[in-house]
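Peer 1: First the structure, then my questions, so here it is.
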Amino acid sequence: MNYVDANVIIYALTDRETKGRKSRELLANQRLCTSILSLDEVAYKLSKRSKKDAIAAVDILSHSPTLLLVPFLPQDVDQFKSLLEGFDPRDAIHALTATKMRASIIYSEDPDFDQLAIARKTPW
């Protein structure tokens, strides 16, 4: 199962150009996983526009049949701490989740993930 970062999800929900269209196609046509942290990041970004949009986005994502929301668990803390050496805390959680789920691809525009042994791609 491949991993999708919050930035791709935000494009899918907000962008009407190529990035948004390609992101929506990816989310519709692949079984993907993402960290539960992505809900926070998407809701935060959309709440800048309106709380109603943020709530609608969380509802869509939490009920998506093609997106698995992966929790951050107590047993993940040691790996999280080790990833803090090379990542900011939020990216460390995303990197940990992608690794834990044995993703072969991380869909993200964030080049920080290039330091992982997981291929990073953008859907556009």
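Computed from the coordinates by the stated procedures, all read-outs in this text should not be read as laboratory data. Quantities reported herein were computed from a predicted structural model and do not represent experimental measurements. Positions of Cβ are backbone-derived with ideal geometry, glycine not excepted, and every protein chain shown enters the neighbour counts.
Peer 1: The conditions are (1) surrounded by fewer than 16 Cβ atoms within 10 Å (Cβ to Cβ); (2) in contact with a Cys (Cβ under 9 Å, 6 or more places away or on another chain); (3) not acidic (Asp, Glu), and Ile55 fails exactly one of them. Which is it?
Peer 2: Of everything listed in (1) surrounded by fewer than 16 Cβ atoms within 10 Å (Cβ to Cβ); (2) in contact with a Cys (Cβ under 9 Å, 6 or more places away or on another chain); (3) not acidic (Asp, Glu), Ile55 misses just condition (2).
Peer 1: Next question, about the same structure. Can you tell me which of Leu39, Leu67, Leu27 is in contact (Cβ under 8 Å) with a residue 60 or more places away in the chain, surrounded by 14 or more Cβ atoms within 10 Å (Cβ to Cβ) and of a type in the set (A, V, I, L, M)?
Peer 2: The match here is Leu67.
Conditions tested, residue by residue: (1) charged (D, E, K, R); (2) over 12 Å from the mean Cα position of the chain (by Cα).
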{"position": "Ile10", "(1), (2)": "no, no"}
{"position": "Arg16", "(1), (2)": "yes, yes"}
{"position": "Ala28", "(1), (2)": "no, yes"}
{"position": "Lys51", "(1), (2)": "yes, yes"}
{"position": "Ile55", "(1), (2)": "no, yes"}
{"position": "Leu67", "(1), (2)": "no, no"}
{"position": "Leu73", "(1), (2)": "no, yes"}
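Peer 1: So, of the residues in the stretch 1-15 that are out of contact with any Asp or Glu (no Cβ under 9 Å at 6 or more places or on another chain) and in contact (Cβ under 8 Å) with a residue 24 or more places away in the chain, which turns out to be surrounded by the fewest Cβ atoms within 10 Å (Cβ to Cβ)?
Peer 2: It comes out as Met1.
Peer 1: Which number in (1) under 13 Å from Leu37 (Cβ atoms); (2) loosely packed, with under 15 Cβ neighbours inside 10 Å marks the one condition that Val77 misses?
Peer 2: Single failed check for Val77: (1).
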